[in-house]
Structures are given as structure tokens and as C-alpha cells.
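S.K.: Take a look at the following structure, please.
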Amino acid sequence: MIAVFVFTCMWAFSFVGKGTPFIRTPNKVLPYVDKGLELVDGSIVYDLGSGDGRILFYLKDKHPKVEFVGIEKKMFPFMISVFRNFIRKVGGRGTIKLIKKDFFDYDLSNATHLVMYIYPNDMDDILTKFDKEIKAGVRMVSVSFKFTNKKPKAEIDLERDGKYQNARHLYLYDF
Ligand SMILES: C[S@@+](CC[C@H](N)C(=O)[O-])C[C@H]1O[C@@H](n2cnc3c(N)ncnc32)[C@H](O)[C@@H]1O
């Protein structure tokens with residue numbers, strides 16, 4: 001009972017503060033994220049605001065020879081991702097790198113691919129960092145949101161069935 005209470009409080013607390021809250025990409029959307037990224041062996045993929053790690057864990061199973069890095073600033077989703085990573089390690093499944101940090105303060109210069117599911121104002125703010133830091137040719141998949149002043153290479157309309165209200169679109173960008 002106490003554990004449920006603590007878990008609920010931590011979950012509720014993860015919505016406090018500015019910036020994008022912890023909302024999970026529905027599992028149904030993950031194959032489309034995979035397709036949009038077009039990963040190859042040796043790719044280095046960052047999920048900026050990795051939440052419970054679900055996108056990267058899904059991709060790790062599909063692409064064992066790809067390096068995955070999740071950056072998450074909030075303790076509750078970060079701890080879930082660490083726990084899931086531990087369970088995978090015990091079970092002999094591929095693990096990912098998890099960093100508890102603000103992604104604005106992390107060097108992304110070795111990224112070949114990026115995934116994000118963050119609000120448009122955060123996306124617009126990070127564009128300056130991308131322009132300074134990331135390599136030419138980086139592919140990015142954004143769940144639900146797009147940049148205000150950068151045109152996507154492609155938009156995937158997922159025509160969700162109404163069960164989930166979030167993640168109806170993916171936006172693909174090439175830098
Ligand atoms: C909408 S959730 C997406 C979670 C996960 N990527 C997914 O798609 O299931 C956004 C996540 O980004 C995190 N986040 C927002 N701003 C951040 C920042 N500046 N640095 C690191 N994480 C951030 C939030 O805490 C939240 O867990």
C-alpha cells in the first residue's frame with residue numbers, strides 16, 4: 001500500500017515544473033518510429049527526454065548493433081528506465097545507456113539519429129543547439145510535434161483509432 005502511494009506521488013510529481021511532462025509514446029507507434037529513423041549498424045541514437053525508455057528498448061531489440069542513449073531529467077521516469085534496463089541485463093537482453101541530465105546540457109555531437117517527443121517551444125529552443133552541434137545528415141523523428149520554423153522532410157499521419165489521443169503524427173527531419 002505504501003509502495004503504491006509513493007509510486008503515485010512520484011508519478012504525479014513528474015508533471016510538476018516547466019517543460020514537457022512525462023507522457024509515453026504508445027507502443028503501437030514504435031514500429032513507425034523505427035521505420036522513420038532508417039537505422040544501420042553503428043548508428044548512435046539519442047532519445048531526448050527518454051521517459052521510461054520504451055522507444056529505445058523497442059529499437060534495441062530490433063537493432064542490437066546500434067548504440068542507444070536516453071537522456072531524461074526527471075527522476076521518476078528515469079528510475080523506471082534504469083529498472084527496465086537492469087531487468088533486461090539480468091535477462092541477457094541488450095541494454096542502453098541512460099543519463100539523468102537536461103538534454104540542453106549534453107553534447108550531442110556524435111549522434112547520427114535523434115528521437116524526441118517534446119513540446120514545440122522546447123523543440124524551437126533546441127534548434128540553435130542542433131545547428132551548432134550536430135553533424136550534417138542526422139535523421140530526427142519527432143513524435144507529435146514539429147518545429148515552428150523548420151519544414152519536415154516528411155510527415156506521417158498515423159490516423160490513430162481514437163483510443164489514444166496522443167502521438168497521431170510523426171515528423172521526419174534531416175539536418
Ligand atoms: C512526452 S515525454 C516522452 C517520453 C519518451 N520519449 C516517450 O516517447 O515515451 C517527454 C519527456 O522528456 C523529458 N524532458 C523534458 N524536457 C527535458 C530536458 N530539457 N532534458 C531532459 N529531459 C527532458 C520529460 O521529463 C519527459 O519524460
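S.K.: Using the Cα centre of the chain as origin and beta-carbon charges of +1 (Lys, Arg) and -1 (Asp, Glu), tell me which of Gly42, Pro21, Val82 is placed farthest towards the positive end of the dipole.
M.R.: Value: Val82.
S.K.: Can you tell me which of 165-173, 48-56 comes out highest on packing, and rank the rest after it, using the mean Cβ neighbours within 10 Å?
M.R.: 48-56, 165-173
S.K.: For Lys97, which aspartates and glutamates qualify as cross-link partners when the Cα separation must be under 19 Å and same-chain residues fewer than eight apart are set aside?
M.R.: Hits, sequence-local ones excluded: Asp34, Asp41, Asp47, Asp52, Asp61, Glu67, Glu72, Asp105, Asp107.
S.K.: Once you have a ≥ b ≥ c as the square roots of the Cα gyration tensor eigenvalues for segment 39-144, tell me rounded if a/c is under 1.5, and otherwise prolate or oblate according to whether a/b is larger than b/c.
M.R.: Because a/c hits 1.5 or more and a/b fails to exceed b/c, segment 39-144 counts as oblate.
S.K.: Filter the GluC sites (Glu not before Pro) in segment 118-175 down to the DSSP loop ones having no more than 12 other Cβ atoms within 10 Å, then list what survives.
M.R.: Glu159
S.K.: Restricting to the chain, what percent of DSSP beta bridges are antiparallel, rounded to 5?
M.R.: So the antiparallel bridges amount to about 35 percent of the total.
S.K.: Before anything else, pin down the relative contact order of the chain: Cα pairs under 8 Å, at least 6 apart, normalised by residue count, whole percent.
M.R.: So the answer I get is 21 percent.
S.K.: Give me the dipole magnitude in Debye, nearest 20, for the chain about the Cα centre, with unit charges on the beta carbon: positive for Lys and Arg, negative for Asp and Glu.
M.R.: Here the chain has a charge dipole of around 440 debye.
S.K.: Residue by residue through segment 96-113, which ³J(HN,Hα) values in whole Hz follow from phi under the Karplus form 6.51 cos²θ - 1.76 cosθ + 1.60 (θ = phi - 60°), with glycine and proline marked x?
M.R.: Running phi through 6.51 cos²θ - 1.76 cosθ + 1.60 with θ = phi - 60° gives 10, 8, 10, 10, 8, 6, 6, 5, 5, 9, 10, 6, 9, 5, 9, 5, 9, 9 Hz.
S.K.: Turning to a different aspect of this structure: At 7 Å along the Cα-to-beta-carbon direction for both Val40 and Asn27, put a label point, then send me their distance in nm to one decimal.
M.R.: 3.2
S.K.: Could you order peptides 118-128, 37-47 by the average number of other Cβ atoms within 10 Å of their residues, highest first?
M.R.: Output ranking for 118-128, 37-47: 37-47, 118-128.
S.K.: A follow-up question, please. Report, in listed order, any pair from Lys101/Lys150; Lys35/Lys73; Lys73/Lys153; Lys28/Lys153; Lys101/Lys132; Lys35/Lys65 with a Cα-Cα distance greater than 24 Å.
M.R.: Correct reply: Lys101/Lys150; Lys35/Lys73; Lys73/Lys153.
S.K.: Rounded to the nearest 500 deg cm²/dmol, what is the calculated helix-only ellipticity per residue at 222 nm for the chain, with -39500 (n - 2.57) per DSSP H run of length n ≥ 4?
M.R.: Taken over the chain, the calculation gives -10500 deg cm²/dmol.
The numbers here are math on the coordinates, done by the rules we state, and not lab data. Just so we're clear, the structure is a prediction, and the values are computed from it rather than from any experiment. We place every Cβ from the backbone using ideal geometry, glycine too, and count neighbours over all the protein chains shown.
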